[in-house]
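See below for the structure under consideration.
The values are calculated or read from the model by the stated rules, or taken from the named source; none is laboratory data. This one's a predicted model, so the numbers in the text were calculated from it and none came from an experiment. Here the Cβ is made from the backbone with ideal geometry for all residues, glycine too, and neighbour counts use every protein chain on show.
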Amino acid sequence: MAEAQALADREPSDKEIRLVIGASSAGTIFEWYDFFIYGTLAYILKDAFYATDNETLGLLLVWSTFAVGFAFRPLGAVLFGFLGDRLGRKYTFLVTVTLMGIATAGVGLIPTIDTIGIAAPIIVILLRVIQGLALGGEYGGAAIYVAEHAPPEKRGFYTSFIQASVAGGFVLSIIVVIACRALIPTEAFNAWGWRVPFLLSIALLAISLWMRLKLSESPVFQAMKAAGETSGNPFVESMTYPGNPKRLFVALFGITGILTTIWYTGFFSAMSFLRGPMHVDDVTTELVLLVSGLIVMSFYVIIGKWSDRVGRKLPIIIGSALTLVLLFPLFWLMGSFANPKLAEAAERTPIVVSGPACETDPFAELFKRDQTDCGKLLETLTASGVAYTLKPGGELAITAGGNPVTIDPAWLKDGAARKKGVQEGLAAYGFDFAKQSPPAGQVIGIVGVLLALGMLSALTYGSVAALLSEMFPPRIRYSSMSIPYHIGAGYLGGFLPLIAGVIVARTGDIYAGLWYTWTVVAFGLLVAWWGIPGGPPKDFDEGTA
C-alpha cells in the first residue's frame, strides 16, 4: 500500500516530526480558540445581539447561534474532505484556518442589536456558518496530517497533541478573556471590551499561517498521488467503499457521539452550571476552568500514548462506562462545592409551587406566545438554581418549607423585577443568590471535579485521531473520517448546550440536561463495544469491516 511504502521509504526526522506536530497543534489551538471564544463570552453576547430581558431565552438564543456553526460542520467536512483527498492535506487546512480567522474577527466588528437591530444576530449567524464550514475541514486535516507522518508504534502519542490542542483552544479563550478583564474595566469590557478577543484572531491567523506554510505535503498523500491512487470522488467512494458503511456508523455513534458529548459537558456545561444556577463569580469560574483545562491537556497525551500499547478500544470503553456511573455524582459534588448554601437551603426548605397551567415555554417570547404566570415563576426559579416541586392548585402560590412566599402581581410582568422579588423572598429562608467566591478548599474541590470530567474526556478522545486514521483507507481518509466526526460533533455535541438548556428549562431540574449526555454515551458504548477494532493498533486493513 502507498501508506506503508511511503513511511518505509522516508520516515520523517525528529525535527520534522516536531515541526509537523507543533504547526498542526498550534493551528488547531488557534482555530478552536476562534470557535470557542463565542461560547466563553455567551453571557455577554446574549445582551449584545439579542433584545430580551429573559435570561433563559437570551442564553438559549446564544446557544442556538452557537449550534448553527456546528450544524454546518458536516457540509464543511464534505467540501474540505473532497479537497483534502483530491488536492492534498496541507493546502486544504491552510484554507480552513484562514476562513476561521476572518469569520471570528468579523464577530468582533458587528454593531450591537441596539445599533442595527435584527441585522446584528443575522450577521452573527452568517459568520457562524463560515466558522462551521471551516472547522468541518480543520480537524480531519490536522489529525490526518500528523497521523500520516507518524510511525505506527507512536501514532496515538503523536496525534494526541491534536486532541490536547482542542482543549488548548478552550484554555486560550479563557486566558484571553481573563487578560482582557485585567486590563479593561468591567463596564467597559461589557460594553466594548468583549470585542478584543474576537479581533485577536487576526494575529493568531497570521501566526498559524506562518507556521503551516513551512510544512510539506503528507508523505502518504505524495505517494498516492505519484502512484495515481487518489480518489476521483472521495464523498461517493466513502459511502460505497467495501466495509465503509459500518465503519462510518461506528465512527459516528461509537466514537464521535461519545467523545463530543462528554467533552462539551465537561467544559461548556460545567461553565454554564457554575456561572448560571450556582452563581459563581465570573473570575472564579474562569480561573478554575483555566487551571483544570491546562492540567487536562496533558491527560490527552497520556491516554494517546497509552493507546499505542493497549489499543484504541480499551480507553474508550473504560471512559464511556465510567461516565455513565460518575456523570451525575460529579455534577452534584461540583454543586455542593460551588454553592453549598443553595443546596442546603433547598434540602432544608423544600420549595413547592402550585397554580394553573404550571409549565414553562422557554421560547414563548421569541414566538410571541403567552407564557402563564406560573410558567414565568418556574422559569425564574430554574434560572436562579432553585429546585421545586409542583402541586396541583387553582391559585398561583409558592411556599418555602410550608411557609407562603409573597407573590407581587406587579413583578410577574417584568423579568428583572420577578427575579429580584423571588430571590428576595427566598433569601429569608437561607437561599444564597449572591455572587459566590468560594474559599480555597471549595475551589480546589471544583477543580478536582473538573479534572475528573477531563479524564473522562481524555479516555474517550485521546486516541481518536489515530483510531479514525487507522479505520479508513488512505485514498478517502480525509472524507471518511471527517464526515462522521463532524456530523457527531456538529449535531450530537454542538447542540448539547441548547438541548440541555431546553431540558432544564422544561423540567426545572438544573441537573436534568445531563440525561442527554448519559443517553448518547450509553448508546455509543454499545456501538463501540460492537464495532471498534480490538487488540493492538494496526494500519488500515482491507479485511477490516
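Yes/no matrix, rows are residues, columns are (1) surrounded by fewer than 17 Cβ atoms within 10 Å (Cβ to Cβ); (2) in a helix (DSSP H, G or I); (3) over 30 Å from the mean Cα position of the chain (by Cα); (4) at pLDDT 85 or above:
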| position | (1), (2), (3), (4) |
| --- | --- |
| L333 | yes, yes, no, yes |
| V353 | no, no, yes, yes |
| C358 | no, no, yes, no |
| L381 | no, yes, no, yes |
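Residues that are charged (D, E, K, R) and assigned to a helix (DSSP H, G or I) were ranked within the stretch 415-457; the one that is nearest to G319 (Cα to Cα) is K419. With a requirement of 3 or more residues that are at pLDDT below 65, the helices (runs of 4 or more DSSP H) lying completely within the stretch 1-58 that satisfy it span 2-9. For the stretch 390-414, the set of residues classified as under 22 Å from Q371 (Cβ atoms) and in a loop (DSSP other than H, G, I, E, B) consists of P392, G393, G394, E395, L396, V405, T406, I407, D408, D414, listed by residue number.
Counting only helices (runs of 4 or more DSSP H) that sit completely within the stretch 99-214, those holding 1 or more residues that are of a type in the set (G, A, S) and buried (at least 24 other Cβ atoms within 10 Å of the Cβ) correspond to 119-147, 155-183, 201-212. For the stretch 505-526, the set of residues classified as assigned to a helix (DSSP H, G or I), at pLDDT 85 or above and surrounded by 19 or more Cβ atoms within 10 Å (Cβ to Cβ) consists of L514, Y516, T517, V520, V521, G524, L525, listed by residue number. Per the listing A321, A345, the residue uniquely at negative phi and either more than 27 Å from the chain's Cα centre (by Cα) or not in a helix (DSSP H, G or I) (or both) is A345. For K419, the conditions (1) among the basic types (K, R); (2) loosely packed, with under 15 Cβ neighbours inside 10 Å; (3) in contact with a helix residue (DSSP H, G or I) (Cβ under 8 Å, 6 or more places away or on another chain); (4) in contact (Cβ under 8 Å) with a residue 60 or more places away in the chain all hold with the exception of (2). A single member of F337, F267 is within 27 Å of T382 (Cα to Cα), within 17 Å of the chain's Cα centre (by Cα) and either buried (at least 22 other Cβ atoms within 10 Å of the Cβ) or modelled with pLDDT of 95 or more (or both), and it is F267. Quick one: in the stretch 276-301, of everything that is surrounded by fewer than 21 Cβ atoms within 10 Å (Cβ to Cβ) and modelled with pLDDT under 90, which residue is nearest to Y38 (Cα to Cα)? Here the residue is D282.
F367 meets the conditions (1) touching a residue at least 12 places away in the same chain (Cβ under 8 Å); (2) not assigned by TED's automatic domain parsing to the domain that holds T519 in every case but one. The failed one is (1).
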